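The structure appears right after this line, and notes come after that.
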Amino acid sequence: MNVHAVRAIYGFEMARTLRTVTQSIVSPVLSTSLYFVVFGAALGSRIQSVDGVSYGAFIVPGLVMLSLLTQSIANASFGIYFPRFTGTIYEILSAPISAFEIVAGYVGAAATKSIVLGLIIIATSALFVPLHVEHPLWMLVALVLTSVTFSAFGFVIGIWADGFEKLQLVPLLIVTPLTFLGGSFYSIDSLPSPWREVAYLNPVVYLVNGFRWSFLGHADVPPEVSFGMTLAILALCAGLIAWIFRTGYRLKT
């Protein structure tokens, strides 16, 4: 494995984050804090508890997951799209570095940014609500696994997009609505039939509930199903990336 090449790509992407720390870190944290203020003030006073915990503590995993999914996709998609836009992608493709090492550098950097952002948001949420993590180790596993999975998904989007507007198309029109409808702010079990059954067709439901289980110790979906769904999405993204490099889809044209 060409460690120096992976480190060079990883270091370049992390340096770009440090140059845009306001956009990459501060802005998502402030946006999430506003969610706490709005939902905590508007709904928290009317909803005393959900599944035995305060409403503010209940929505913490959903808010973290909302930021995690959108930022992972945004970081990874822009990271690989910009070299395609400027033409420097050909220098990377002609270098003595494998497809796996290219993906490891870009996806690893995007996932690292998302993990740091997630930890900052969790620490910030403790300022607004009493926070307790029932399974801290599994919380970290879910955080890392989700960040890597959706950074890989963002890498696919960055290859697929042929314009800057398409980079925001999937996160804004698909991922964000699915996250809001995926039980981020409510329990799926509280929905009436048939909407409850329809909600379980949403893959984000499993991601949110897996993360929520690590905080609360219980969720609408068993944790093994949630982690299995995350691994399935990761496997799908890995298959798409392998196909992209094998066929040269939008990399060589």
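Taking the criterion of being loosely packed, with under 15 Cβ neighbours inside 10 Å and part of a helix (DSSP H, G or I), the residues of region 125-163 that qualify are 136, 137. Being assigned to a helix (DSSP H, G or I) and surrounded by 23 or more Cβ atoms within 10 Å (Cβ to Cβ) holds for only one residue in 27, 33, 72, and it is 72.
When we screen 152, 161 for residues that are more than 22 Å from residue 232 (Cα to Cα) and touching a Leu at 6+ places or on another chain (Cβ under 9 Å), the only hit is 161. Pairing residues of region 125-149 that are touching a residue at least 60 places away in the same chain (Cβ under 8 Å) with residues that are among the aromatic types (Phe, Trp, Tyr), at Cβ distances under 6 Å and at least 6 apart in sequence or on separate chains, gives 128/36; 133/215; 142/211. Any residue in region 224-231 that is of a type outside the set (Gly, Ala, Ser), assigned to a loop (DSSP other than H, G, I, E, B), in contact with a helix residue (DSSP H, G or I) (Cβ under 8 Å, 6 or more places away or on another chain) and touching a residue at least 12 places away in the same chain (Cβ under 8 Å)? The answer is no, given that none of the residues of region 224-231 is of a type outside the set (Gly, Ala, Ser), assigned to a loop (DSSP other than H, G, I, E, B), in contact with a helix residue (DSSP H, G or I) (Cβ under 8 Å, 6 or more places away or on another chain) and touching a residue at least 12 places away in the same chain (Cβ under 8 Å). Looking only at region 184-221, residues that are part of a loop (DSSP other than H, G, I, E, B) and either surrounded by 23 or more Cβ atoms within 10 Å (Cβ to Cβ) or in contact (Cβ under 8 Å) with a residue 60 or more places away in the chain (or both) come to 7 in all. Among the residues of region 73-102, those that are aliphatic (A, V, I, L, M) and within 20 Å of residue 171 (Cα to Cα) comprise 73, 74, 76, 80.
Here residue 1 fulfils each of the conditions (1) of a type outside the set (Val, Ile, Thr); (2) without any contact (Cβ under 8 Å) to a residue 60 or more places away in the chain; (3) part of a loop (DSSP other than H, G, I, E, B) apart from (2). Considering only residues in region 16-40 that are out of contact with any Leu (no Cβ under 9 Å at 6 or more places or on another chain) and under 21 Å from residue 190 (Cβ atoms), the one that is modelled with the lowest pLDDT turns out to be 40. Among residues of region 80-96 that are closer than 14 Å to residue 13 by Cα, those with a Cβ under 8 angstrom from a residue that is surrounded by fewer than 16 Cβ atoms within 10 Å (Cβ to Cβ) and modelled with pLDDT under 90, sequence gap 6+ or separate chain, pair up as 81/164.
Can you spot a residue in region 63-76 that is more than 30 Å from residue 213 (Cβ to Cβ) and in contact (Cβ under 8 Å) with a residue 24 or more places away in the chain? The answer is no, given that none of the residues of region 63-76 is more than 30 Å from residue 213 (Cβ to Cβ) and in contact (Cβ under 8 Å) with a residue 24 or more places away in the chain.
The values are calculated or read from the model by the stated rules, or taken from the named source; none is laboratory data. All figures in this text were calculated on a predicted structure; none of them were measured in a lab. Every residue, glycine among them, receives a Cβ derived from its backbone with ideal geometry; neighbour counts consider all protein chains shown.
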